[in-house]
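First the structure, in the form of structure tokens, and then the observations on it.
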Amino acid sequence: MLNAKIPGGPLDQKWTYYKGHCNLVNPANKRKLEVIIIGTGLAGASAAASLGELGYKVKAFCFQDSPRRAHSIAAQGGINAAKNYQNDGDSVFRLFYDTIKGGDYRAREGNVHRLAEVSANIIDQCVAQGVPFAREYGGLLSNRSFGGTQVQRTFYAAGQTGQQLLIGAYQALERQVALGNVKMYSRHEMLDIVMIDGKARGIIARNLVTGELERHFGHAVLLCSGGYGNVFYLSTNAMGSNVTAAWKAHKKGAYFGNPCFTQIHPTCIPVSGDHQSKLTLMSESLRNDGRIWVPKQKGDTRKPNEIPEEERDYYLERRYPAFGNLVPRDVASRAAKERCDAGYGVGSSRQAVYLDYAKAIERYGLGECSKLGIEDPTPEQVREHGVNVVKEKYGNLFDMYEKITGENPYEVPMRIYPAVHYTMGGLWVDYELMTNVPGLYALGEANFSDHGANRLGASALMQGLADGYFVIPYTIGNYLSNDIRTAAIPTSHQAFVDTEKAVQDRIDRLMNIKGAKTVESFHKRLGKIMWDKCGMARNAAGLQEAIEEIRQLKKEFWSNLRIPGGIKEMNPELDKANRVADFIELGELMCIDALQRNESCGGHFREESQTEEGEAKRDDNNFQYVAAWELKGEGNWELHREDLVFEVAKPSQRSYK
Amino acid sequence: MEHHTMNLTLKVWRQKNSSDSGHFETYDVKDISSEMSFLEMFDVLNERLIAEGKDPIAFDHDCREGICGMCSMYINGRPHGPWHANTTCQLHMRAYKDGDTIVVEPWRAKSFPVIKDLVVDRTAFDRIIQAGGYISVNTGNAVDANSIPIEKDKADLAFANAACIGCGACVAACKNSSAMLFVSAKVSHLALLPQGDPERKSRVINMIAQMDKEGFGGCTNTGACEAVCPKEISITNIARLNNEYIKAGLTVDK
Ligand SMILES: Cc1cc2nc3c(=O)[nH]c(=O)nc-3n(C[C@H](O)[C@H](O)[C@H](O)COP(=O)(O)OP(=O)(O)OC[C@H]3O[C@@H](n4cnc5c(N)ncnc54)[C@H](O)[C@@H]3O)c2cc1C
Ligand code: SF4
Ligand code: FES
């Protein structure tokens, strides 16, 4: 039985109790303890900075040329916190409840409550670091709303919130580098975990500039390596985002939790052709003010501005009057797919819906004119002022849209379609963020912990920083306090030698295939299988086919791959091959997990399990658990269940109507 | 959007490693859609090179949406190419027409040595930040976020400067390879906020010292940096930086 080690006592006391009773490490001993951190996104950078401040000896790794470039930098819309600055009824409990409900009752109460508790501290910490969140004219912080909630609790910095938060954490990290508490290894990729006496004790990393393998010892290893959305090839993730670090951990015994839980984001720029290398998100914050619609008439080819108001179907407002355009992501994505599949899609591909700002521009314009005392403003005046307000709120997003599509979204509605965005699944961790492998932790998007089957907008940034700034500094001490007498293990230890050799062998094997097809071509094919059969809608027959197809693809990959160049040099194709090999294996597990979970919940939609109105239908009697998979051998996994207990937020059919 | 396809000639800088002297190589690329991004055109070319048994062109990129600062191509004599306030990854092929020749080089600056082909080493920027580009506040020390109101204009200006993506285009565009725009953006971001005040003097002095140590050149106000900056960091920041530096030099007490 999996033990999540959730402290006893009432929900709102658990974290306080834990903090008051966990073991501590005294400052002198901290200096002797070494911690390896893989990743410098919000989770990794905040953990590295905080542990460095506490006095641990930290080594941090990232594959980009600088820690500041981690994928977190791309987050747009905002970060949630239960500050209740807007006096609109928010509280720790409400944030907890919204998150559990938004996750369709597939997350742990204890973890989520802790997340809500520390959320307010995150905002304080970031502001102290100089993160320039948006402010009101009175000088106080501004908020906006995000999907799945009815309060305004999202803090933001235009459409660049992730960038600003990451720069804050990056600067804190660089300060620790300057002080000598953190040693930074950029352009390094972790390729395996070193296990000694059943504990994670180090890593093998490849220097991506020289191609040399390196051994690094740590008393503990933290994986903050991000999500695996790129298993679908096309996603909103950065090109380099990958599952390798987590997958290596999985191969060393760490369980993988709910791998099939992926988030398809409703508002992304649609695919334009076969050359497409990635998809671009249009932040969920745009649904605050934008209205989503399709023509009422099937196959309508008129330009959007030529379609009169009464011939437009604002289908979210129609289907979900209570939340309207602000329903959670899974609901909004499925609704868009439903309209497009039924023949109402727009644009040349017919795989898009409109996100329209005309009304918002008018509304803001009228407000501004009234504020400025302009009586009977002309439509041009209203428009001009309205455009300015929208520009200030979303300008960078609108610019981004125009650069990609060549269309001006202030003039014509944006065309959007759902795209893979985030992975709720990840390494299984307990309350302390430790995987089932002693000494091996997972933080941020790399773990499975807080978002259940669907993450609410603006909650990933919150979780990454909660894990790094406020959770791991406590929980790691509880483990390392038993290690104060363990001297650093020299990397000449046999376990390091053997692990390095295994990594080297695999690289040699990849290079020696000398086949005909590029890594990219395999990745694209994998992505297509995953999107078609393990994407927005899934069914048993499709998943079974996908599993067969992926196994076939894997065989072909290992017999017909071509990697140019050499090993002991910078070789991006080799880096990619390493990652795609792991994605292929993960893809298989995701399909197995999706097949096993014969219910719909959150982003996981099994066509066999839906209500009459086509909404996701959960099956709490049979599936109220976390599926944690143990790798037993090639293509062979064993399922472990962690039953979820809801003492406070009683599961109900999720309704946003 | 209407779209079309085009054939182009690319002249690309190839350099095996930091000790290789490097040279231009010419490639004909065919049937490029105007809807592709500039980097997607490189993807197409690289796939072809691999199929032909040749070494693909190494280039830096990650987010491909103009925010991580990783992409860095010097295109027809201009960092990040012809569009205003744009990164290489956001450049799309509709900027070009059939028959065009495009010359692509890495950032050129002594402090940004070439690692391979179009990939350069920009760790000097990280070391400049290490010298003082932060506010010294440990986790847990913060007061309530709303306890210090900040004028909206100031906060907005701090944000505009914090928007720097650390790409280094400013250095690549400058005939002196000066890093002043980058440094001024960070100094301004932090100097404009009350939280940044206590370390205001030491920060500017230490960051400039590190910048000099890294071998970046001086600023002669040509404005080339501002013209190419994808995030429109204003050159007026350099004046603020100089001002901060002078003030700090006059009164520094630690
Ligand atoms: C376009 C976009 C917009 C988003 N907007 C929002 C938003 O508005 N609000 C919100 O809450 N969330 C948002 N999200 C989600 C959120 O940004 C991410 O979930 C979060 O930033 C992940 O942070 P992380 O620290 O876990 O990982 P990442 O930021 O992905 O960092 C991963 C790190 O691990 C390193 N790494 C990975 N593998 C290895 C390896 N093998 N060896 C060495 N290093 C490795 C990388 O170099 C990197 O430093 C958005 C996501 C996207 C894609
Ligand atoms: S100032 Fe502009 S050009 Fe220079 S690094 Fe920052 S974003 Fe790039
Ligand atoms: S690839 Fe991130 S800014 Fe261009």
When you look at B:THR5, is it touching an Asp or Glu at 6+ places or on another chain (Cβ under 8 Å), β-branched (Val, Ile, Thr), closer than 24 Å to A:LEU234 by Cα and away from ligand 1 (no atom under 16 Å from the Cβ), yes or no? yes
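Which of the following residues is over 28 Å from A:ARG215 (Cβ atoms) and assigned by TED's automatic domain parsing to the domain that holds A:ASN598: A:LYS568, A:LYS576, A:LYS528?
Numbers: A:LYS568 fails: over 28 Å from A:ARG215 (Cβ atoms); A:LYS576 fails: over 28 Å from A:ARG215 (Cβ atoms).
Just a single option satisfies the conditions, and that option is A:LYS528.
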Looking at region B:163-172, can you tell me whether even one residue there is within 18 Å of B:ILE135 (Cα to Cα), within 14 Å of another protein chain (Cβ to nearest Cβ), within 16 Å of ligand 3 (Cβ to nearest atom) and aliphatic (A, V, I, L, M)? yes
First in region A:404-422 and away from every other protein chain (no Cβ under 13 Å) and within 13 Å of A:LEU279 (Cβ to Cβ), second anywhere and away from ligand 3 (no atom under 16 Å from the Cβ) and among the β-branched types (Val, Ile, Thr), Cβ under 6 Å, 6 or more apart: A:ILE416/A:THR267; A:PRO418/A:ILE264; A:VAL420/A:ILE264
Residue pairs meeting the criteria (Cβ under 8 Å; at least 6 apart or on separate chains; first closer than 15 Å to B:ALA191 by Cα, in region B:227-242; second within 6 Å of ligand 2 (Cβ to nearest atom) and assigned to a helix (DSSP H, G or I)): B:ASN237/B:LEU181; B:ASN237/B:ALA185; B:ILE238/B:LEU181
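Is it true that some residue in region A:287-301 is assigned to a helix (DSSP H, G or I), within 16 Å of ligand 1 (Cβ to nearest atom), more than 14 Å from chain B (Cβ to nearest Cβ) and out of contact with any helix residue (DSSP H, G or I) (no Cβ under 6 Å at 6 or more places or on another chain)? It would help to see each step written out before you state the result.
Taking region A:287-301 as the starting set, the residues that turn out to be assigned to a helix (DSSP H, G or I) are A:287-289.
From what's left, within 16 Å of ligand 1 (Cβ to nearest atom): A:287-289.
With the extra rule that they be more than 14 Å from chain B (Cβ to nearest Cβ), the set shrinks to A:287-289.
Then keep just the ones that are out of contact with any helix residue (DSSP H, G or I) (no Cβ under 6 Å at 6 or more places or on another chain); that gives A:288.
Yes, the conditions are met somewhere in region A:287-301.
In this structure, is B:PHE159 under 30 Å from A:LEU208 (Cα atoms) and within 16 Å of ligand 2 (Cβ to nearest atom)? Break it down into steps so the answer makes sense when it comes.
Numbers: under 30 Å from A:LEU208 (Cα atoms): no; within 16 Å of ligand 2 (Cβ to nearest atom): yes.
It is false that B:PHE159 is under 30 Å from A:LEU208 (Cα atoms) and within 16 Å of ligand 2 (Cβ to nearest atom).
Filter region A:228-248 down to the residues that are more than 14 Å from chain B (Cβ to nearest Cβ) and under 16 Å from A:TYR422 (Cβ atoms) and list them by number. Don't jump to the end; show me each part of the working.
So in region A:228-248, the residues more than 14 Å from chain B (Cβ to nearest Cβ) come out as A:228, A:231-232, A:243-248.
Residues satisfying the conditions are A:TYR228, A:VAL231, A:PHE232, A:VAL243, A:ALA246.
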If a residue counts only when it is within 12 Å of chain A (Cβ to nearest Cβ) and buried (at least 19 other Cβ atoms within 10 Å of the Cβ), which strands (runs of 3 or more DSSP E) contained entirely in region B:1-116 have at least 3 such residues? B:114-116
Residues being more than 17 Å from A:ILE472 (Cβ to Cβ) and away from ligand 2 (no atom under 16 Å from the Cβ) - total across region A:44-69: 2
In region A:104-144, the residues that are touching a Lys or Arg at 6+ places or on another chain (Cβ under 7 Å) and closer than 24 Å to A:ASP289 by Cα: A:ARG135, A:GLU136, A:TYR137, A:GLY139, A:LEU141, A:SER142, A:ASN143
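Report, by residue number, each residue of region A:241-286 that is hydrophobic (A, V, I, L, M, F, W, C) and in a helix (DSSP H, G or I).
Step one: list which residues in region A:241-286 are hydrophobic (A, V, I, L, M, F, W, C), which gives A:243, A:245-247, A:249, A:254, A:256, A:260-261, A:264, A:268-269, A:271, A:279, A:281-282, A:286.
Listed by number, the residues that qualify are A:ALA245, A:ALA246, A:TRP247, A:ALA249, A:LEU286.
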Could you tell me whether any residue of region B:174-196 is within 14 Å of chain A (Cβ to nearest Cβ) and in contact with a Pro (Cβ under 8 Å, 6 or more places away or on another chain)? yes
If the requirement is being without any contact (Cβ under 8 Å) to a residue 60 or more places away in the chain and within 15 Å of the chain's Cα centre (by Cα), which of these qualifies: B:ALA224, B:ALA172? B:ALA224
Among the candidates A:ALA169, A:ALA200, A:ALA157, A:ALA178, residue that is at the interface with another protein chain (Cβ under 9 Å from one of its Cβ atoms) and buried (at least 22 other Cβ atoms within 10 Å of the Cβ): A:ALA157
Are any residues in region B:149-183 closer than 16 Å to B:TRP107 by Cβ, surrounded by fewer than 20 Cβ atoms within 10 Å (Cβ to Cβ) and in contact with a strand residue (DSSP E or B) (Cβ under 6 Å, 6 or more places away or on another chain), and if so, which ones? B:ASN176
Qualifying residues in region B:230-254 (those that are outside any helix (DSSP H, G or I) and more than 14 Å from chain A (Cβ to nearest Cβ)) - the one farthest from ligand 3 (Cβ to nearest atom): B:ASP253
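The values are calculated or read from the model by the stated rules, or taken from the named source; none is laboratory data. Values in this document were obtained by computation on a predicted structure and should not be read as measured data. Don't worry about glycine lacking a Cβ; one is built from the backbone with ideal geometry, like all the others, and counts go over all protein chains shown.
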